[in-house]
Structure formats: C-alpha cells, structure tokens
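Novice: Take this structure, written in structure tokens, and hold onto it; I'll ask about it next.
The values are calculated or read from the model by the stated rules, or taken from the named source; none is laboratory data. Small disclaimer: the values here were computed from a predicted structure and weren't measured. Note that each Cβ is placed from the backbone with ideal geometry, even for glycine, and that neighbours are counted across all protein chains shown. The accessibility values were calculated without ligands, DNA or RNA, using every heavy atom of the protein model including side chains. Shrake-Rupley method; radii C 1.70, N 1.55, O 1.52, S 1.80 Å.
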Amino acid sequence: MAVITVERKPLTFAERTYLPQIAGGLKTTLKHFFAPNDTLEYPEQRPAIPPGYRGVPTLVYDPHGREKCVSCQLCEFVCPPKAIRITPGEIPAADASAHVEKRPQEFEIDMLRCIYCGLCQEVCPEEAIWLQNQYSTTGYTRADFVNNKQKLYELGGTLPDPHLKWDKKLAAEQHGNAH
Amino acid sequence: MSTIAEYYFGLPLLLRMVLQGTAVILVLFPAAAACSMAERKISAWIQGRPGPNRTVAPFLAWIPGISILRNLGLFQLAADGGKFTFKEDPVPGHVNKFYFILAPIVSMIPALTTVAVVPLGAYISNGQLLPIILADVDVGLLAVFAVSSLGVYSIILAGWASNSKYPFLGSVRASAQLVSYELSMTLSVLPVFLWINAPGEHGTLNLFDVVQKQSGTGFAWDSVWFAAYMPVSAFIFLVALFAETNRQPFDMPESEADLVGGFHTEYGAFKWSLFFVAEYCHMIVGSGVFCLLFLGGWNPLPGLPLALLADWLGIAGVPLLTGLLGIGIFAGKVASFIFFFMWVRWTLPRFRYDQVMNIGWKKLLPLAIANLVFYALAIAVIQK
C-alpha cells in the first residue's frame, strides 16, 4: 500500500487573522437568516406520511362492513412485546356473516407495550390488522393507552379490498363445490 | 405642552436629574430584556426555526393583528420576565450569602451607570445642536471606561462567592480576559481623541464632541466618519468590545461547554436574570459608544448631518421633533449593531482560552500600539 504524504500547508496570513473565515461564516448565516424555515408548526401543520409508514395498529372492515378479523390469534401469538390480547367469540347463526364462524369478542392493543414492529400486520392471514398513519397517541391514564375493539375499528375504518374472500367461499359452498 | 415644560423646568435640579435618570433606566432595562428575545429570535431565524411564537395573553388574543406581536415573541418576553421575577430564588447552602447576593446588584450598577455620560441623541434648539445626555461631562469616554470596567467585579464576586470550582474558573478567566482587552480598547480610541483635540484648544474626551467632528456637510473633510479614517482603530475597538461584553466568540466566563454555566452556574431566577440584563446593557452601551466614536452618532449618513436633515424635513425649529429624530437615528444604529453582535454569536464558535489570551496580548495589543504610533505621527504631520 502506497503511503500518500499529504502536504500540510502553513496557514496564510489572511487565515491566521480569522477574518476571511469569519466573513464567510457571516455570509452563510445571513443566507440562512433570510431563508424560509426548515421546521413545521407541528400541531397545525403535519408532516407528510410516507407510504408504508408503520403507525398505530388498527382493525379494518371489509367493503361490506364485515369485521375482517376472524380472531385466529396469530397476531397475539407473534406480537413480540405481548401487546395484543384477543378474546375470540363465535358469530351467531342469525348474523349475515355467520359462515365466517368467528370474530373477536374483544380485541385490545396496549399502546404502552406496542413497539410498532408491524409483525401483526405481516402475519395476519385475513389482512385485518393494519399499521396506519396515526403516530401520536395521548392519554391521561394507563387505561387510556389500551385501544379496545371499538377504538381499533374507529381508527381503522374500511379497507377498500375487492377480494371478498369469504363471500366467494360462501357462494362456492352454495353451488356445491366446497373443498 | 409649554405649561408642562415650564412646570418641569421649575422643579429642583436634583429632582429633574433623578426623573431623567429613572426615565433612561426605564427604557434601558426593558430594552436590554428585549435583547434577550431578539437573541432568541435571531438565533432561530439563522437556524431555520420560527423561534418562540406561541405565547399570547388570553385577554388580548381577540385583537386582530395581535398575532404579529405573538409571532415576534413579545408575550413570551413578558412571560419570561414574570417567571424570572416570581419563581423561587434559591440560595445554595454552600455559598457566601452576602457576596452571592451582592454580585448581581454590582453587575447592574456599572451597566446602568455608564449610560449617564453617553449622549443618547441630539436636538436643535435656537439653531444650535445640543446633546441629549444625562451628565454632559468632559471626561466622557474615560468615565465610560472607568465605570464599565467595574463590571468585572460582579463576575469575580459571583465566581468567588459561589464557592464552587466552575464559577470560580469562569470568574478567573473573565478577569484575565477583561483586563487584557481593556488595554487594546483604550489604545484604539486614543487616535480619535488625538485627532479631535488640536493643540492649544480646549481639550475634551466628550463623546458629543467626537460626533461633532463627524458632522460635516457634503464632501467636507469632517463629513467622513472615523470608521473610514481609522479602520484599524475601529476594528480593534470592535474586537475588544466583543471581549469586554463577554460575547461570543469571547464568552470565556460562561463557556458552558467546559464550565457548566461559568460564573453564574449557581444562580437562578431573578439574580440570574440580573446578570443577563446587565450583559445586554453593556452591549447596548458599548454599541452606542462605538456608533458615537466611529459611525457618526446621530448623523444619518456621511456628509448628511442631523441638522441638515432636520432642515430638509422642515422641523429644525421644533426641538422636540429634532430630538426624536436624533434619538431615532442613533437608536437605529445601535439596534443594527446589536443585531451584528447576535449575528456573530450565532455564526462563530468560541475561541479556546489560550487563543483568547494569544489574540489579546500578542496580536491585538501590538496592533493597537502600532496603530497609535502611526496615527500620532500622521496627526502630528497633518495638524502642524
């Protein structure tokens, strides 16, 4: 390996007086003085959320208003900080989506435990749990930070998902070609 | 109007002086406090932030246009002032109580005293230009130097009374620094006074007379400000002024990176804010002195003295308006100078302590002496 000797020039007289450098620095700061701010006025202005952002985990409905979650509890199982607690429940036979068999009776995500890793979203076979754009959670008590089922659906809304897997399955069953 | 004036001039001289002094302090103290907000805003703008802009008094929030004041941080300033005044003011157990409490008071006294001999403007009465000044004394600048250098005692007192190593180091640095730069500062203004005091005339160190020598009209010799005649003097004075007011890049006594908070580490609340305000008072008075010595005081432009401008505006016969004009121009110059101070602060990093001493003794002092010798010879030749 060749050694390159860097020539270290002694400081010139102008450099030793500091003055040209000071003038240069003043020019730079003056430029910034008149430049527009780099900051956001936060609560009023919100940052643009990039696609794929992992905010607060939420539950979603399908376009027909059915809860997508079938309470398989995979997310509860995979959740590294054990933030998710699901109480599974059966869907009564009178319900329109009785063929889905199960939905969560209660679904709680403790936002004080959640680490926003997105594993729940990744593992969900029903695409029912999504980390969405909300990034700011506030509350006065520990209980305020536990999102229950109702809150999760409020945050989640409807997923415009055209697959409607369970409707297709029901139709197939009714045509007699259930697997 | 005239009855008020008559009543006022009928008061005993001493009472009038007290009233005038109080009036000046009542302007200077809030102005110094406002500098702290200016500092925060300027630092914010330089760093691409909006700065403090949220505080507003709730009972004023409905006024349209109040958001301009809010965005300038005016109410934040009031809130800060209120906080410093009313919050608990602890005295640590290990300090020397008497001197600990004395130090901030001592810091305020020279800061507010120097302004007495600094003309704040000028007015025209019966065709004659007169200074607006609390004490029109011939020692002028010498008094400024003498009193303002007392400011270092407050820092020494604070550092020593705090009975703690960082404040002590800060105060030791401060005393060394102030003494070093005072020499250069004094030497740098001597050429100005050599020039305005011709031999055989009535000698003076009065700052008003310095401005009078920069008040020529048109292309006369004396219409050029001294900053152009004596750039090296002005430069040395400026650098020394930064050092004397403990401003970046010379803020050795505070250098919070290595000394926690410097001499005021142990201080909080109102006592701390007194140190703060005193520093800004020094800055304001120092800027004022610089403007008077080198930048033509209340003359709006070189070759355009105040009297001429007042003539053009047609207010030369009204002393009050000419006075306000003079004060306005002078205050504008001082304000832009304060801006320069802050601009430099948010641009430059701090010098190391050995660099400060090096610059002070090995660079600035010889330069000041050479400058003095050069101008002494030059003035001797010119004024012969």
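Novice: Output the residues belonging to segment A:83-102 that are aliphatic (A, V, I, L, M) and either open to solvent by 50 Å² or more (accessible area, probe 1.4 Å) or in a loop (DSSP other than H, G, I, E, B) (or both). Let's see the steps before the verdict.
Specialist: Restricting attention to segment A:83-102, the residues satisfying the condition of being aliphatic (A, V, I, L, M) are A:83-84, A:86, A:91, A:93-94, A:96, A:98, A:100.
Listed by number, the residues that qualify are A:Ala83, A:Ile91, A:Ala93, A:Ala94, A:Ala96.
Novice: Now for a different question. Inside segment B:211-233, can you point out the residues that are open to solvent by less than 20 Å² (accessible area, probe 1.4 Å) and in a helix (DSSP H, G or I)?
Specialist: Of all residues in segment B:211-233, those open to solvent by less than 20 Å² (accessible area, probe 1.4 Å) come to B:211, B:214, B:216, B:223, B:226, B:230, B:233.
The answer is B:Val211, B:Ser223, B:Phe226, B:Ser233.
Novice: What's the number of the condition A:Pro80 fails, among (1) open to solvent by less than 60 Å² (accessible area, probe 1.4 Å); (2) touching a residue at least 12 places away in the same chain (Cβ under 8 Å)?
Specialist: A:Pro80 satisfies all of (1) open to solvent by less than 60 Å² (accessible area, probe 1.4 Å); (2) touching a residue at least 12 places away in the same chain (Cβ under 8 Å) except (1).
Novice: Can you tell me how many residues within segment B:234-288 are under 17 Å from the mean Cα position of the chain (by Cα), assigned to a helix (DSSP H, G or I) and either at pLDDT below 80 or of a type in the set (D, E, K, R) (or both)?
Specialist: Matching residues across segment B:234-288 total 2.
Novice: Do you know which residues across segment B:40-67 are under 29 Å from B:Ala111 (Cβ atoms), open to solvent by 50 Å² or more (accessible area, probe 1.4 Å) and more than 13 Å from chain A (Cβ to nearest Cβ)?
Specialist: Of everything in segment B:40-67, just one residue is under 29 Å from B:Ala111 (Cβ atoms), open to solvent by 50 Å² or more (accessible area, probe 1.4 Å) and more than 13 Å from chain A (Cβ to nearest Cβ), namely B:Arg40.
Novice: Next question, about the same structure. Just wondering, is there one or more residues in segment B:22-39 that are closer than 28 Å to B:Met283 by Cα, within 14 Å of chain A (Cβ to nearest Cβ) and among the β-branched types (Val, Ile, Thr)?
Specialist: Step one: filter segment B:22-39 for residues closer than 28 Å to B:Met283 by Cα, giving B:22-39.
Narrowing the set further to residues that are within 14 Å of chain A (Cβ to nearest Cβ) leaves B:38-39.
Okay, now just the ones that are also among the β-branched types (Val, Ile, Thr), so none.
Among the residues of segment B:22-39, not one is closer than 28 Å to B:Met283 by Cα, within 14 Å of chain A (Cβ to nearest Cβ) and among the β-branched types (Val, Ile, Thr), which makes the answer no.
Residues checked against (1) away from chain B (no Cβ under 14 Å); (2) without any contact (Cβ under 8 Å) to a residue 40 or more places away in the chain; (3) in contact with a Leu (Cβ under 8 Å, 6 or more places away or on another chain):
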| site | (1), (2), (3) |
| --- | --- |
| A:Pro10 | yes, yes, no |
| A:Pro20 | no, yes, no |
| A:His32 | no, yes, no |
| A:Gln45 | no, yes, no |
| A:Val56 | yes, no, yes |
| A:Tyr61 | yes, no, yes |
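Novice: Sticking with this structure for a sec: Conditions first: (1) more than 14 Å from chain A (Cβ to nearest Cβ); (2) open to solvent by 40 Å² or more (accessible area, probe 1.4 Å). B:Arg70 passes all but one, so which condition is the exception?
Specialist: (1)
Novice: Answer yes if at least one residue in segment B:76-88 is without any contact (Cβ under 8 Å) to a residue 12 or more places away in the chain, open to solvent by 40 Å² or more (accessible area, probe 1.4 Å), in a helix (DSSP H, G or I) and in contact with a His (Cβ under 9 Å, 6 or more places away or on another chain), and no otherwise.
Specialist: No, that holds for no residue.
Novice: Could you grab me the full set of residues in segment B:257-283 that are β-branched (Val, Ile, Thr), surrounded by fewer than 24 Cβ atoms within 10 Å (Cβ to Cβ) and within 19 Å of B:Ser107 (Cα to Cα)? Explain how you work it out, then say what you get.
Specialist: Step one: of segment B:257-283, the residues β-branched (Val, Ile, Thr) are B:260, B:265, B:277.
Then drop every residue that is not surrounded by fewer than 24 Cβ atoms within 10 Å (Cβ to Cβ), which leaves B:260, B:265.
Selection gives B:Thr265 alone.
Novice: A follow-up question, please. Please determine whether any residue of segment B:338-352 is under 24 Å from B:Gln177 (Cβ atoms), at pLDDT 85 or above and polar (S, T, N, Q).
Specialist: Yes: segment B:338-352 contains one or more residues that are under 24 Å from B:Gln177 (Cβ atoms), at pLDDT 85 or above and polar (S, T, N, Q).
Novice: Determine if segment A:40-49 includes at least one residue that is of a type outside the set (D, E, K, R), in a loop (DSSP other than H, G, I, E, B) and surrounded by 14 or more Cβ atoms within 10 Å (Cβ to Cβ).
Specialist: no
Novice: If I ask for residues that are in a loop (DSSP other than H, G, I, E, B) and surrounded by 10 or more Cβ atoms within 10 Å (Cβ to Cβ), which ones from segment A:12-23 would you list?
Specialist: If we filter segment A:12-23 for residues that are in a loop (DSSP other than H, G, I, E, B), which is where we start, we get A:12, A:17-18.
Scanning segment A:12-23 gives A:Thr17, A:Tyr18.
Novice: Under 6 Å by Cβ, and 6 or more places apart or on different chains, what pairs join a residue from segment B:252-280 that is closer than 27 Å to B:Gln355 by Cα with one that is modelled with pLDDT under 75 and of a type in the set (D, E, K, R)?
Specialist: These pairs meet every condition: B:Gly262/B:Glu254.
Novice: Considering only segment B:294-353, how many residues are open to solvent by 40 Å² or more (accessible area, probe 1.4 Å), more than 14 Å from chain A (Cβ to nearest Cβ) and outside any helix (DSSP H, G or I)?
Specialist: 6
Novice: Hey, A:Leu26 hits all of (1) open to solvent by less than 80 Å² (accessible area, probe 1.4 Å); (2) more than 9 Å from chain B (Cβ to nearest Cβ); (3) not β-branched (Val, Ile, Thr) but one; which does it fall short on?
Specialist: Result: A:Leu26 passes all but (2).
Novice: Also: Within segment B:19-40, is even one residue farther than 30 Å from B:Ile132 by Cα and at pLDDT 85 or above? Show your work before the answer.
Specialist: Filtering segment B:19-40 for residues farther than 30 Å from B:Ile132 by Cα gives B:40.
Of the ones still in play, those that are also at pLDDT 85 or above are B:40.
Among the residues of segment B:19-40, at least one is farther than 30 Å from B:Ile132 by Cα and at pLDDT 85 or above, which makes the answer yes.
Novice: Still on this structure: Restricting to helices (runs of 4 or more DSSP H) lying wholly in segment B:100-210: which have 1 or more residues that are surrounded by 21 or more Cβ atoms within 10 Å (Cβ to Cβ) and among the basic types (Lys, Arg)? Can you show your working first?
Specialist: Working: elements: B:141-148, B:151-161, B:165-196.
Those helices (runs of 4 or more DSSP H) span B:165-196.
Novice: Out of the helices (runs of 4 or more DSSP H) lying entirely within segment A:103-178, which hold 1 or more residues that are more than 15 Å from A:Val60 (Cα to Cα)?
Specialist: Details: elements: A:119-123, A:149-156, A:165-174.
Because the criterion is at least 1 residues that are more than 15 Å from A:Val60 (Cα to Cα), the helices (runs of 4 or more DSSP H) in segment A:103-178 that meet it are A:119-123, A:165-174.
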